[in-house]
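Working notes, structure below.
The values are calculated or read from the model by the stated rules, or taken from the named source; none is laboratory data. Just so it is clear, the model here is predicted, and its values are computed rather than measured. Cβ atoms come from the backbone with ideal geometry, glycine included; neighbour counts cover every protein chain shown.
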Amino acid sequence: MTPAKKSKTRMVPSSADLPEAQYSTNGTRRMPVKTARLDFTEDGYPDFHADRRLNLPIRINRRLNEVAAGADEGEFRALLLEVHPWWDFVDEEGTPIPHTVDGFDALPDELVTAMLRRGQDAMREAVMPSPLEDTSSPDPSELVEASHSLKTS
C-alpha cells in the first residue's frame with residue numbers, strides 16, 4: 001500500500017487581517033505607496049516637511065546607487081524626487097520651492113543632508129520599529145539587586 005500524499009496547504013490570512021487594498025479608477029488592485037512625513041524643525045527648518053517613500057521599487061534603489069557613484073547630477077536629483085515625492089519647502093522670500101529637478105538647486109546643502117538622514121531613519125523605523133518603552137526584560141542591575149536580596153533573606 002502506498003502512503004497517501006500530503007497536500008501542502010498555504011495559510012492565507014482572512015480578509016479581516018489584511019490591510020485595505022488600494023484600487024485604481026478601473027477597479028483593479030494596485031500597489032500601495034507607503035510614505036513617512038519628515039519634519040525638519042530640529043534641523044533648524046521649522047514647519048518644513050517632506051515625504052519619504054518607504055516602499056521604493058528595487059529598480060529605483062539600484063539606479064540611485066549607480067548614479068550616486070557616477071556624475072549624473074540631474075538623474076540623481078530626479079531619482080531623489082521619487083524617493084521624496086512631496087515637500088513644502090519655501091525660499092527666503094516665502095515663495096514655494098517647486099518639487100522639480102531644478103528645485104533642488106534652491107535647497108541648502110544641510111537641508112538635503114537632513115532629508116537623506118531623516119529618510120534613512122524613517123526607513124530603519126519602518127523595517128525595525130523601536131522597542132516598546134515598557135520592556136518585559138528587567139534591567140541587568142535589577143537582576144543583581146534581586147539576587148542579593150534573595151541571598152540575604
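Some values worked out for this structure:
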item	result
Residue satisfying all of: in the stretch 37-83; among the acidic types (Asp, Glu) and over 16 Å from the mean Cα position of the chain (by Cα); farthest from residue 107 (Cα to Cα) among these	66
Test: residue in the stretch 81-101 that is more than 20 Å from residue 125 (Cα to Cα), part of a helix (DSSP H, G or I) and in contact with a Leu (Cβ under 9 Å, 6 or more places away or on another chain)	no
Hey, residue 147 assigned to a helix (DSSP H, G or I) and either modelled with pLDDT under 65 or of a type in the set (Asp, Glu) (or both) or not	yes
Boolean, residue 113 is at pLDDT 95 or above and assigned to a loop (DSSP other than H, G, I, E, B)	no
Matching residues in the stretch 31-59 - criterion: being surrounded by 13 or more Cβ atoms within 10 Å (Cβ to Cβ), closer than 17 Å to residue 127 by Cβ and not hydroxyl-bearing (Ser, Thr, Tyr)	36, 38, 52, 53, 54, 56
